[in-house]
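A short write-up of the structure that comes next.
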Amino acid sequence: MIALLRMTAGLTHWAVAFCVLYGLHGIGCAGVWATTMVGPISVQRLVLSIAWIGGVAAGIALTGWLYRTRSDAPTDQIGVVLGWVGVAAIIVTGLPIVTLPTCL
């Protein structure tokens, strides 16, 4: 059972990070985050960027923990690989935050 949890941890983390980013995006577009500026950027872009960077950092920490606690079992090796896949997915999912307008 623990092997299954380790194998799905990286992609589960990506799903949670995606939901957090999607939810914050909706809250920001419905409110005034997109029009309120903090220096040169909007509050929405700032909040989304912080959540994105936090998700990436947490994914790297999770994958590092999976790597430290792994054995030579194939399921543990798969867990580490899928952890890095989850980190890459969070990075790709968050790229529109810094490259596209936040609310259209």
Restricting attention to region 40-63, does a residue exist that is modelled with pLDDT under 90 and open to solvent by 40 Å² or more (accessible area, probe 1.4 Å)? no
Listed residues Thr8, Thr69, Thr63, Thr75; which is of a type in the set (S, T, N, Q), farther than 30 Å from Leu104 by Cα and touching a Phe, Trp or Tyr at 6+ places or on another chain (Cβ under 7 Å)? Thr63
What are the pairs, 6+ residues apart or on separate chains, where a residue within region 10-37 that is part of a helix (DSSP H, G or I) has its Cβ under 8 Å from a residue that is of a type outside the set (A, V, I, L, M) and open to solvent by 70 Å² or more (accessible area, probe 1.4 Å)? Gly10/Trp84; Ile27/Trp33
Extreme residue, most open to solvent (accessible area, probe 1.4 Å), among residues of region 64-89 that are under 29 Å from Ala34 (Cα atoms) and in contact (Cβ under 8 Å) with a residue 60 or more places away in the chain: Ala89
Single unsatisfied condition, Thr8 versus (1) polar (S, T, N, Q); (2) more than 23 Å from Val81 (Cα to Cα); (3) surrounded by 12 or more Cβ atoms within 10 Å (Cβ to Cβ): (2)
Qualifying positions in region 47-61 - in contact (Cβ under 8 Å) with a residue 40 or more places away in the chain and either farther than 23 Å from Cys29 by Cα or not hydrophobic (A, V, I, L, M, F, W, C) (or both): Ser49, Gly55, Ala58, Gly59
Would you point out which residue out of Val98, Val92 is surrounded by fewer than 14 Cβ atoms within 10 Å (Cβ to Cβ) and touching a Lys or Arg at 6+ places or on another chain (Cβ under 8 Å)? Val98
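The values are calculated or read from the model by the stated rules, or taken from the named source; none is laboratory data. The structure displayed is predicted, hence computed values, not measured ones. Positions of Cβ are backbone-derived with ideal geometry, glycine not excepted, and every protein chain shown enters the neighbour counts. Remember, those area values only see protein heavy atoms, side chains included, never the ligands or the DNA or RNA. Shrake-Rupley method; radii C 1.70, N 1.55, O 1.52, S 1.80 Å.
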